[in-house]
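What follows is a set of notes on a single structure, which appears directly below.
The values are calculated or read from the model by the stated rules, or taken from the named source; none is laboratory data. Just so it is clear, the model here is predicted, and its values are computed rather than measured. No Cβ is skipped: glycine too gets one built from the backbone with ideal geometry, and neighbour counts run over all protein chains shown.
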């Protein structure tokens, strides 16, 4: 489960007027994702109290000295309201409705023979996105400054711009620590290997050998692409990477 909410902690004892936080600088900002709804657990975690009512939280990023302009007026206003309510979390307005709208809208097929899509208004817009800030660090660690690199799956040597630092265990399912482990990263080329692995059309068995999954039989061409990799031994397979490939086999390739 994912949610978009903002809150301050601890709650502020001062009541701020509307717009009062627009130009504020936040000493510390932690971006998280709720991964599990409310549950009860008595296992001790914190030294001061048990806090049995809990939710699962995954930390995406942490920043210091963040100016309000970086988060935008809407987020800063939500933080102001949260501060006025002793740190109670508030759902950002519009995010839930946008997500629901995106899932409910049926796909629109263009009329036959038309060579463009229908669109009114500006073709460019400013969007706020969650950047995978660790990606460049992982990429530098994996590929360094070399102009070429070898794909772990197909074995082809290509310009590094054609190689992705790919997570073996899907990034969205990995913990913060697992996302940063080099054992969970492999070089996968953009010639098809990254997508074949990402969507579970191929997987790596317990001996480090690539195999085509039944999912690759969706089309003849897809099956041929997966079969081209089948039987190869993935590069740098070892006991550290094995658990991540096992997760991929079970949860992605199935």
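All of 222, 196 fail the test of being assigned by TED's automatic domain parsing to the domain that holds residue 169, under 19 Å from residue 184 (Cβ atoms) and in a helix (DSSP H, G or I), apart from 196. Number of residues in the stretch 165-194 that are touching a helix residue (DSSP H, G or I) at 6+ places or on another chain (Cβ under 7 Å) and within 14 Å of residue 134 (Cβ to Cβ) equals 10. When restricted to residues that are touching a helix residue (DSSP H, G or I) at 6+ places or on another chain (Cβ under 9 Å) and closer than 18 Å to residue 238 by Cβ, the stretch 152-164 contains 2.
Looking only at the stretch 190-214, how many residues end up being more than 19 Å from the chain's Cα centre (by Cα) and surrounded by 23 or more Cβ atoms within 10 Å (Cβ to Cβ)? Break it down into steps so the answer makes sense when it comes.
We begin by selecting, within the stretch 190-214, every residue more than 19 Å from the chain's Cα centre (by Cα); these are 191-193, 201-214.
The next check asks that each one be surrounded by 23 or more Cβ atoms within 10 Å (Cβ to Cβ); those that pass are 193, 201-204, 210.
Number satisfying all stated conditions: 6.
Within the stretch 74-95, is there a residue that is in a helix (DSSP H, G or I), at negative phi, within 21 Å of the chain's Cα centre (by Cα) and modelled with pLDDT under 75? Yes: one or more hits. Residues in the stretch 17-48 that are at pLDDT below 75 and farther than 30 Å from residue 68 by Cβ were compared, and the one that is surrounded by the most Cβ atoms within 10 Å (Cβ to Cβ) is 45.
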